[in-house]
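The next block holds one structure in the form of structure tokens; read it before the comments.
Please treat every number below as a calculation from the coordinates, not as lab data. Note that this is a predicted model, so its numbers are computed, not measured. Note that each Cβ is placed from the backbone with ideal geometry, even for glycine, and that neighbours are counted across all protein chains shown.
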Amino acid sequence: MITVMNAESYLKTKIGEGTVDIKNVWEAFKAFSKESVEGEEERELLFQCGIYNFTGEKLFHFDFVR
């Protein structure tokens, strides 16, 4: 059973350690977004991306948030 407290580790396990395959990450996130999480009041999803200069080098970043 997925709870709010273990949801992040559950998703990380689904994605796999050190994966660089963005399609795999996206598919895992989409499947995770459909699963029920105990203790979750509402289900909301956010995807954001952009080119940022956090390190002095312009890099593309993306975030999936549930």
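Here are a few things to note about the model shown:
- Spin-label pair N53-E41: with each label point 7 Å from Cα along the Cα-Cβ axis, the two points sit 3.9 nm from one another.
- What the Cβ-Cβ distance of N6 and V65 gives, at R0 = 25 Å and to the nearest 0.05, is a FRET efficiency of 0.90.
- For M5, neighbours were defined as the other residues whose beta-carbon sits under 12 Å from its Cβ, and their charges (Lys and Arg +1, Asp and Glu -1) total -3.
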